[in-house]
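Every number here is computed from the coordinates shown, using simple stated rules; none is lab data. These numbers come from a predicted model, not from an experiment. FYI the Cβ positions are ideal-geometry reconstructions off the backbone, even for glycines, and counts take in every protein chain you see.
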Amino acid sequence: MQFNTYTVAGAHVAAWLVNHPAPGPAALTGELRRHEVHEPAATAAEAAELQGWTARLGAVFAAAAVTDKAGLADALLVAAGCRPRLVSHGDGKPFHLHFAPAESGLAARVRALTAAGLAHVIDAGGGSRLRACDRPGCGVAFLDTSRNGRRHFCSVRCANQVNVANHRRRTRAPGA
């Protein structure tokens with residue numbers, strides 16, 4: 001499944017927030033810059049304001065059924081007051097979607113962006129690709145962008161740990 005990188009930037013930011021539940025302003029600013037969020041400079045107060053939102057985002061990745069993910073993402077859209085609009089940042093620059101007005105503040109814009117990003121992934125048929133790592137004790141949230149959409153682990157390291165443990169369990173001598 002191919003995703004439009006701009007429209008799912010919010011899903012990637014959502015996963016990052018879930019995996020970094022109390023980011024400092026510099027880390028948050030860096031992540032938002034990486035995803036080309038408009039005016040990404042975060043203050044400590046704005047970073048703190050997103051902490052409660054992070055748990056709500058995490059529930060979408062942790063939900064087992066796509067219908068549950070969709071219900072949770074829809075509730076996030078409502079809670080964020082997401083109102084898409086077309087914006088251009090100057091002469092000749094292309095139009096793109098903003099999900100909240102720039103004057104609404106960074107935390108409000110990030111809430112709207114992450115809610116919309118998750119909704120876009122689900123709308124495009126990729127709801128099952130919003131996942132939490134299957135390795136016991138890990139739980140890292142990620143968007144599975146693999147070709148076949150069958151990743152169950154956040155990293156090769158987690159996959160290897162599970163596969164090695166399964167192999168050792170299968171090859172243990174009987175009665176040991």
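Which of (1) in contact (Cβ under 8 Å) with a residue 60 or more places away in the chain; (2) surrounded by fewer than 16 Cβ atoms within 10 Å (Cβ to Cβ); (3) out of contact with any Phe, Trp or Tyr (no Cβ under 9 Å at 6 or more places or on another chain) does His98 not meet, given it meets every other one?
(2)
Looking at Ser128, Ser146, which one is among the small types (Gly, Ala, Ser) and surrounded by 13 or more Cβ atoms within 10 Å (Cβ to Cβ)?
Ser128
Against the conditions (1) over 18 Å from Ala14 (Cα atoms); (2) of a type in the set (Lys, Arg); (3) under 13 Å from the mean Cα position of the chain (by Cα), where does Arg135 fall short? Just the number, please.
With (1) over 18 Å from Ala14 (Cα atoms); (2) of a type in the set (Lys, Arg); (3) under 13 Å from the mean Cα position of the chain (by Cα) applied to Arg135, the lone miss is (3).
Yes/no per residue for (1) without any contact (Cβ under 8 Å) to a residue 60 or more places away in the chain; (2) surrounded by 14 or more Cβ atoms within 10 Å (Cβ to Cβ):
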| position | (1), (2) |
| --- | --- |
| Lys69 | no, yes |
| Asp74 | yes, yes |
| Ala102 | no, no |
| Ala124 | no, yes |
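Could you list all residues from the range 86-101 that are more than 25 Å from the chain's Cα centre (by Cα) and aliphatic (A, V, I, L, M)?
Matches in the range 86-101: none.
Please enumerate the residues belonging to the range 126-152 that are without any contact (Cβ under 8 Å) to a residue 24 or more places away in the chain and basic (Lys, Arg).
Arg147, Arg150, Arg151
Taking the range 134-175, which residues are polar (S, T, N, Q) and part of a loop (DSSP other than H, G, I, E, B)?
Residues satisfying the conditions are Thr145, Ser146, Asn148, Ser155.
Within the range 154-176, take every residue that is buried (at least 16 other Cβ atoms within 10 Å of the Cβ) and under 19 Å from His20 (Cβ atoms) and give me the one that is farthest from the chain's Cα centre (by Cα).
Filtering the range 154-176 for residues that are buried (at least 16 other Cβ atoms within 10 Å of the Cβ) and under 19 Å from His20 (Cβ atoms), the one farthest from the chain's Cα centre (by Cα) comes out as Cys158.
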